[in-house]
Amino acid sequence: MTLRLPEDILKEIFENLEDETGPLFSSLLVNRLWCLNVIPILWKNPLKNQFKKASENLLTCQHRCTLLLRTLLSCLSDESRSLLSKNRLELPFQISQRALFDYPMHCKKLRTSDVSMLVWSAVERKQISGQRGKFLFFVLEQELYKLFFSRSSAIQQFTLCSMLHSIQLFPGATTSLANLSVLRCSTESHESFFFGLAQICERIKVIIVDFCDKDNDGLNFLICVQNGVNCFECKHGSIHGQENQCPNLNIALQTQAHSLKKLDIIDNMGGILLDTICSFINLRCLKFAISDGISDVVVNNLRNAEIPNLETLEVRGEPISVNVLLSLIKNTRGNFQKLHLCGWRPSVDDNLGILLPLLRKHCPRLRSLSTWIGEDDLINLELLLSSCYELESIFLRVYSNELMSRYGIFNLLKRTNPKNLRKLKLEHLFLLDEEEGLEMFLKSRSIKMPLNLEVVGNLISQDSSEIISTYRFNGVLKNAKLLCFGEDSAPDQQTPHWKIDVII
């Protein structure tokens, strides 16, 4: 008797393999049931795998794009096929009669740059050069958009990079984009695109602006008509030293003040005024940057801000008044879980030492900590590690290597023995002088909770390297990495691969 897994279990297994395209493609060939359950997952974001991988040559990538485009065009309606034929678009393949499945109906994520890249990669260059070539490129893009918007009933994530077409005019766009939840865009896009989306979308929850250096009336209006934006991220594009570049964007965000849970403006100084933060009383995650010459008025407004549900705070840039940090954290009613201070080194006058006792007193649920420490902070650090039992990741940036070697940061960690610690990140600490403490600390750890160890910008001695290799082999260490000097991502985040110097 052949045992078969229930279909709902199969679906869950395949969904957990969403990023593993190789096993998913193999699963297509097992039987019809597997095929029917894998296709919706592979076609959820159908254009994401078209780009060249490091291990393949350009011809392989182009062949994959050609196969993908051929499959998509086989799903075209008779009207679209007739249009392509009428305009004498010559393709390097024959469009098959009909696809076996309606693949585009499963599309949930769409990015305009992926559509353009697919056409550029799959069609011969001579076909899309000159005036007629540009026209044919436009028509082919148009029919692909028409295909996705008319067949997919629910596109959930849409990335608007550059586009030559009016979104709202495509057949089916009002249905496929009605429940759009994630929009990624730029203020460089023409305002008409956003006005078009505003006619369709009212329930966007996440808005990410990748390039923001000026007001865009269309984007501002789109934000205003949404029914509860939860997350707003504003990325690159500001000009150093120039503030209030987007005054109307600040006003538009005020309309979402009570629904906004996450505000990330850490990579955009000047686009969003820090004064705006005070309005978002329901924030759970706040990331912002400090530019040169922050005014006393702004500092005072931040100090008086009350965000009781705040769980995550990340600050980058010029040194910020410790009193601002204290005020933001103190009013969180015990909800606070993550503090990440990056990009700046406080001076003696900043009195950062009062921060650790405050965290110990007001943040019993602290899970991730990134901060500078000096000699005067060691006792408070030990008390904090002993009392915050949920602490999972630590990034310690040390004022003095000599100081830390003399007192032994690893001995301190061994004494406190944080049971839930999964990642330890250290900067300005020479393991060359810490070999004995390092080995004693690792010996005290359990293989049931393997540790990720990262050291930023320092040399590793041969003895230290051997100790690390030993404890990686026996399972106490999951990973050990030497990172580029200046790498300061939060300890609970995955380190960008290009910032890793050596995997020890």
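For a quick check: sort Ile379, Ile329 by the number of other beta carbons within 10 angstrom, fewest at the front. Walk me through the numbers on the way to the answer.
On the way: Ile379 13, Ile329 20.
Least to most surrounded, the residues fall as Ile379, Ile329.
Quick one: length gained pulling Ser461 to Asn227 fully straight, 0.36 nm per residue minus the C-alpha distance?
Gain on extension, Ser461 to Asn227, equals 78.6 nm.
Under 25 Å between alpha carbons, and skipping anything fewer than 8 positions from Lys423 in its own chain: which lysines qualify?
Lys262, Lys287, Lys338, Lys361, Lys414, Lys443, Lys448, Lys478, Lys481, Lys499
Over 31 Å between Cα atoms, which of Lys205/Lys419; Lys44/Lys235; Lys109/Lys134 qualify?
Lys205/Lys419
What distance in nm separates the two pseudo spin-label positions at Cys35 and Ser166, each 7 Å out from Cα along the beta-carbon direction?
About 4.2 nm, to one decimal.
Can you check how the C-alpha radius of gyration of region 1-40 compares to 2.2 N^0.38 Å, as a plain ratio?
Expressed relative to 2.2 N^0.38 Å, the Cα Rg reads 1.11.
How do Val30, Val38 line up, fewest other C-beta atoms within 10 Å first?
Neighbour counts put them in this order, fewest first: Val30, Val38.
Nearest 0.05, what FRET efficiency do Asn474 and Val206 give at R0 = 41 Å with Cβ-Cβ as r?
My answer for the efficiency is 0.45.
So, in nm, how far is label Gln157 from label Glu7 when the simple model puts each one 7 Å beyond its Cα toward the Cβ?
Placing both labels 7 Å beyond Cα along the Cβ direction yields 2.7 nm.
How far apart, in nanometres, would the label points at Cys61 and Ser77 be if each is projected 7 angstrom from Cα along the Cα-to-Cβ direction?
3.5 nm
Laboratory data are not the source of any read-out in this text; all were calculated from the coordinates shown. Everything quoted here is computed from the prediction, not taken from an experiment. Methodologically, a virtual Cβ is constructed for each residue, glycine included, from the backbone with ideal geometry; neighbour enumeration extends over all protein chains shown.
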